[in-house]
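Enquirer: What follows is a structure written as structure tokens; I'll ask about it next.
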Amino acid sequence: MGGIFTKPKDDSPGPQSTDTAAQNTVLHRDLSNVPPSWNVWDSSGGAAVSCFGHAFQPRIWAAVARSMDYAATTTFTAEVVGQLCEKLVNTTNGTMARAVIYNSGTDANEAAVKLSRQYQQAKGEDRSHFISREQSYHGAGGFSLALSGHRARREQFEPMINMQRFHKVSSCFDYLQRDDRTIEQFVSDKKQELEGKFREIGHGKVAAFFCETIVGAALGCAPAVKGYLLAMQEVCHAHGALFVLDEIMCGMGRTGKHLHAFLHHEGVRPDILVIGKALGAGCMPVSAMLCSQAIIDVLGDESFNHGYTFQNHPPSCTAALEVLKIIEEYNLLENVDRQGKYLQQLMCEKIERLPHVSPIRGQGFFQGFSLVKDKATKTSFDRKLHVAQAIQEKGKDPKYGIYVYYGTGSAEDGLSGDHIMIAPPYTATREKIEWFVDRLERLLIDYFAELDVQLTEK
């Protein structure tokens with residue numbers, strides 16, 4: 001890794017003008033509210049997307065401008081596509097052999113489902129069932145939504161999805177689930193649960209098991225406990241199923257030290273890996289699906305029966321390749337690792353001590369925490385209070401000037417339970433981390449003081 005990390009000229013978004021009349025023609029996520037333009041420090045990169053803040057956007061856009069072209073992938077390719085795929089494959093320490101570039105994490109997971117099915121058919125096995133986990137999120141498409149265990153995002157559309165082919169086991173959420181068990185016993189119980197699900201579905205029916213290396217939106221940066229991923233991998237391979245890791249939110253350097261979060265876990269070698277979000281640093285929509293040589297060997301000369309109009313899009317590939325160059329040139333994996341440990345230390349000292357925060361979790365620049373009514377009982381707030389969302393909204397006040405990513409559904413019922421996620425730009429310095437944690441501490445103290453008054457008055 002070359003270069004020495006230096007403080008960027010600007011690691012925060014600047015204000016942008018908003019044409020309100022024009023915005024009223026947009027189908028916003030919240031039809032009752034037009035989102036404001038940026039005027040705060042984005043401590044979560046949107047949804048862990050803008051991994052550089054705005055420090056390197058001109059450089060990435062300049063690179064993209066030199067590659068503004070389209071190639072129909074059924075007939076043509078571009079040199080930059082091969083350059084990016086080779087670069088991505090080489091970052092996996094020999095685990096992956098091929099890559100294909102898509103536009104979103106949803107695209108990548110939809111493709112992973114189809115590849116898993118086609119791989120099993122190429123082996124001569126008619127496997128069409130999939131296992132994933134409760135309190136997970138894999139995307140907004142048909143297959144990816146069926147994989148997702150985020151109840152609030154999936155339930156409305158379940159009548160349109162063949163959920164009988166998509167099965168769930170429990171998540172790996174140490175905070176709420178382990179109780180007084182040792183980590184070894186906890187992992188053993190999770191392993192037995194997955195074994196039981198394979199037996200329940202039937203021999204030779206499951207094509208693949210999907211899980212997030214660190215759960216993002218659904219559990220607020222909940223990492224797998226030591227030994228869990230390896231245990232899940234062993235069960236999958238014992239039953240002839242593929243082991244698929246979703247690192248759309250937690251990957252691409254977000255955990256520090258490695259580009260891929262699974263590399264922090266000894267012996268873990270997914271058959272398929274999906275990545276996205278930070279891969280384009282927010283400058284271009286881009287994701288990727290990578291697969292192992294074993295899958296390629298089974299497919300042989302058979303074509304992968306799946307494709308998108310804009311897959312392997314040269315401008316998107318150029319942006320992603322430039323992102324990888326910047327990460328390497330500025331030693332950003334080292335910065336994320338070092339400053340991420342400091343961020344977690346400060347949050348444990350200043351944020352976790354607060355009455356309604358428990359616990360700080362995550363790795364590198366992918367940190368989160370739950371918001372609970374009672375820390376001793378781990379009781380969640382009433383869903384109608386929209387606690388996490390209100391904190392995000394309050395943080396945009398100039399008094400605090402920070403944006404945090406909020407989520408819900410992290411309680412045992414999969415619907416209640418509030419959490420906050422922190423995913424700063426990889427360029428963040430020690431001074432910026434200190435500034436942010438101070439602002440976050442003030443925000444949480446002020447919000448819960450006001451909430452206590454509100455609840456008392458009721």
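The values are calculated or read from the model by the stated rules, or taken from the named source; none is laboratory data. Not measured: the values here are computed from a predicted model. All Cβ positions, glycine included, derive from the backbone under ideal geometry; neighbour counts span all protein chains shown. Remember, those area values only see protein heavy atoms, side chains included, never the ligands or the DNA or RNA. Shrake-Rupley method; radii C 1.70, N 1.55, O 1.52, S 1.80 Å.
Enquirer: Give me the pairs, please: first residue somewhere in the range 237-256 and basic (Lys, Arg), second residue anywhere and open to solvent by less than 10 Å² (accessible area, probe 1.4 Å) and assigned to a helix (DSSP H, G or I), beta-carbon distance under 7 Å, and either six or more positions apart or on two chains.
Expert: Here the result reads Arg254/Ala48; Arg254/Ala278, each pair linking the range 237-256 to a residue that is open to solvent by less than 10 Å² (accessible area, probe 1.4 Å) and assigned to a helix (DSSP H, G or I).
Enquirer: Let me ask another. When you scan the range 409-420, how many residues do you find that are within 15 Å of Ser136 (Cβ to Cβ) and assigned to a strand (DSSP E or B)?
Expert: Summing the residues that are within 15 Å of Ser136 (Cβ to Cβ) and assigned to a strand (DSSP E or B) in the range 409-420 gives 1.
Enquirer: To continue, here is another question. Report, ordered by the first and then the second residue, all pairs with beta carbons closer than 7 Å, sequence separation of six or more or different chains, a first member in the range 373-398 that is of a type in the set (D, E, K, R), and a second member that is in a helix (DSSP H, G or I).
Expert: Lys378/Leu176; Lys394/Leu443; Lys394/Tyr447
Enquirer: Quick one: which of Ala146, Ala140 is in a loop (DSSP other than H, G, I, E, B) and aliphatic (A, V, I, L, M)?
Expert: Details: Ala146 fails: in a loop (DSSP other than H, G, I, E, B).
The match here is Ala140.
Enquirer: Oh, and also: Identify all residues within the range 362-371 that are surrounded by 24 or more Cβ atoms within 10 Å (Cβ to Cβ) and not hydrophobic (A, V, I, L, M, F, W, C); write none if there are none.
Expert: Taking the range 362-371 and keeping what is surrounded by 24 or more Cβ atoms within 10 Å (Cβ to Cβ), we get 362, 364-371.
Passing the criteria: Gly362, Gly364, Gln367, Gly368, Ser370.
Results for (1) in contact with a Leu (Cβ under 9 Å, 6 or more places away or on another chain); (2) surrounded by 13 or more Cβ atoms within 10 Å (Cβ to Cβ); (3) not polar (S, T, N, Q), shown as yes or no for each residue.
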{"residue": "Val40", "(1), (2), (3)": "no, yes, yes"}
{"residue": "Ala48", "(1), (2), (3)": "no, yes, yes"}
{"residue": "Ile60", "(1), (2), (3)": "no, yes, yes"}
{"residue": "Ala65", "(1), (2), (3)": "no, no, yes"}
{"residue": "Ala78", "(1), (2), (3)": "no, yes, yes"}
{"residue": "Ala97", "(1), (2), (3)": "yes, yes, yes"}
{"residue": "Tyr102", "(1), (2), (3)": "no, yes, yes"}
{"residue": "Glu110", "(1), (2), (3)": "no, yes, yes"}
{"residue": "Asp126", "(1), (2), (3)": "no, no, yes"}
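Enquirer: Could you tell me which numbered condition Leu443 fails, if it satisfies all but one of (1) at pLDDT 95 or above; (2) under 30 Å from His260 (Cβ atoms)?
Expert: Leu443 satisfies all of (1) at pLDDT 95 or above; (2) under 30 Å from His260 (Cβ atoms) except (2).
Enquirer: Mind checking whether some residue in the range 354-371 is free of Cβ contacts under 8 Å to residues at least 60 places away in the same chain and part of a strand (DSSP E or B)? Break it down into steps so the answer makes sense when it comes.
Expert: Our first condition is that a residue be free of Cβ contacts under 8 Å to residues at least 60 places away in the same chain; within the range 354-371, this holds for 360, 371.
Now drop any that are not part of a strand (DSSP E or B), which leaves 360, 371.
Looking through the range 354-371, at least one residue is free of Cβ contacts under 8 Å to residues at least 60 places away in the same chain and part of a strand (DSSP E or B).
Enquirer: Scan Val89, Val169 and give me the residue that is open to solvent by less than 20 Å² (accessible area, probe 1.4 Å), touching a Lys or Arg at 6+ places or on another chain (Cβ under 8 Å) and at pLDDT 95 or above. Give the steps one after another, and end with the answer.
Expert: Numbers: Val89 fails: open to solvent by less than 20 Å² (accessible area, probe 1.4 Å).
Of the residues listed, the single one that is open to solvent by less than 20 Å² (accessible area, probe 1.4 Å), touching a Lys or Arg at 6+ places or on another chain (Cβ under 8 Å) and at pLDDT 95 or above is Val169.
Enquirer: I'd like to check which helices (runs of 4 or more DSSP H) are fully inside the range 34-112 and have at least 3 residues that are in contact with a strand residue (DSSP E or B) (Cβ under 8 Å, 6 or more places away or on another chain) and closer than 17 Å to Ile327 by Cα. So that I can check it myself, show each step before the final result.
Expert: Working: elements: 45-48, 57-65, 79-90.
Fully inside the range 34-112 and qualifying: 79-90.
Enquirer: Another question, then. Could you check, for the range 301-323, whether at least one of its residues is in a strand (DSSP E or B) and of a type in the set (A, V, I, L, M, F, W, C)? Before the answer, list the steps.
Expert: First, the residues of the range 301-323 that are in a strand (DSSP E or B): none.
Within the range 301-323 (the criterion being in a strand (DSSP E or B) and of a type in the set (A, V, I, L, M, F, W, C)), the answer is no, since none of the residues qualifies.
Enquirer: Mind checking which residues of the range 296-314 are open to solvent by 40 Å² or more (accessible area, probe 1.4 Å) and at pLDDT 95 or above? Quick ask: steps written out before the conclusion?
Expert: So the first thing to find is which residues in the range 296-314 are open to solvent by 40 Å² or more (accessible area, probe 1.4 Å), and the list is 297-298, 300-305, 307-310.
Residues satisfying the conditions are Asp297, Val298.
Enquirer: In the range 121-143, is there at least one residue being touching a Cys at 6+ places or on another chain (Cβ under 7 Å), touching a residue at least 24 places away in the same chain (Cβ under 8 Å) and farther than 30 Å from Leu415 by Cβ?
Expert: No, the range 121-143 has no match at all.
Enquirer: Let me ask something additional. Please tell me if Val336 is more than 17 Å from the chain's Cα centre (by Cα), within 27 Å of Val225 (Cβ to Cβ) and either modelled with pLDDT of 95 or more or not basic (Lys, Arg) (or both).
Expert: Numbers: more than 17 Å from the chain's Cα centre (by Cα): no; within 27 Å of Val225 (Cβ to Cβ): yes; either modelled with pLDDT of 95 or more or not basic (Lys, Arg) (or both): yes.
No; evaluated as a whole, the condition is false for this residue.
Enquirer: Is there a residue in the range 181-195 that is surrounded by 13 or more Cβ atoms within 10 Å (Cβ to Cβ), more than 23 Å from Val235 (Cβ to Cβ) and touching a helix residue (DSSP H, G or I) at 6+ places or on another chain (Cβ under 8 Å)?
Expert: no
Enquirer: Here is a further query. Taking only pairs six or more apart or across chains, which ones have beta-carbon atoms under 9 Å, a first residue in the range 257-271 that is under 21 Å from Gly340 (Cα atoms), and a second residue that is aromatic (Phe, Trp, Tyr) and open to solvent by less than 50 Å² (accessible area, probe 1.4 Å)?
Expert: Hits for this filter: Ala261/Phe366; His265/Tyr228.
Enquirer: Identify the residue in the range 394-408 that is under 24 Å from Asp374 (Cβ atoms) and outside any strand (DSSP E or B) and, among all such residues, is farthest from the chain's Cα centre (by Cα).
Expert: Only one residue fits best here, namely Lys394.
Enquirer: Now a separate question. Taking the conditions exactly as written (in contact (Cβ under 8 Å) with a residue 60 or more places away in the chain, hydrophobic (A, V, I, L, M, F, W, C) and out of contact with any helix residue (DSSP H, G or I) (no Cβ under 7 Å at 6 or more places or on another chain)), does Leu147 satisfy them or not? Before the answer, list the steps.
Expert: On the way: in contact (Cβ under 8 Å) with a residue 60 or more places away in the chain: yes; hydrophobic (A, V, I, L, M, F, W, C): yes; out of contact with any helix residue (DSSP H, G or I) (no Cβ under 7 Å at 6 or more places or on another chain): no.
Considered against the rule, which asks whether it is in contact (Cβ under 8 Å) with a residue 60 or more places away in the chain, hydrophobic (A, V, I, L, M, F, W, C) and out of contact with any helix residue (DSSP H, G or I) (no Cβ under 7 Å at 6 or more places or on another chain), Leu147 comes out as no.
Enquirer: Within the range 85-130, track down each residue that is hydrophobic (A, V, I, L, M, F, W, C) and in contact with a Ser or Thr (Cβ under 8 Å, 6 or more places away or on another chain). Quick ask: steps written out before the conclusion?
Expert: Here is the first cut: in the range 85-130, the ones hydrophobic (A, V, I, L, M, F, W, C) are 85, 88-89, 96-97, 99-101, 108, 111-113, 115, 122, 130.
Once the filter is applied, which keeps residues that are hydrophobic (A, V, I, L, M, F, W, C) and in contact with a Ser or Thr (Cβ under 8 Å, 6 or more places away or on another chain), the range 85-130 yields Met96, Ala97, Ile101, Ala108, Val113, Phe130.
Enquirer: What is the one condition in (1) farther than 20 Å from Gln389 by Cβ; (2) modelled with pLDDT of 95 or more that Ser44 does not satisfy?
Expert: Ser44 satisfies every listed condition except (1).
Enquirer: Among (1) in contact with a Pro (Cβ under 9 Å, 6 or more places away or on another chain); (2) within 23 Å of Glu212 (Cα to Cα), which single condition is Asp337 missing?
Expert: Only one criterion is unmet by Asp337, namely (1).
Enquirer: Sticking with this structure for a sec: What residue, of Arg430, Arg383, is closer than 17 Å to Leu343 by Cα and either modelled with pLDDT under 95 or of a type in the set (Lys, Arg) (or both)?
Expert: Numbers: Arg383 fails: closer than 17 Å to Leu343 by Cα.
The unique qualifying residue is Arg430.
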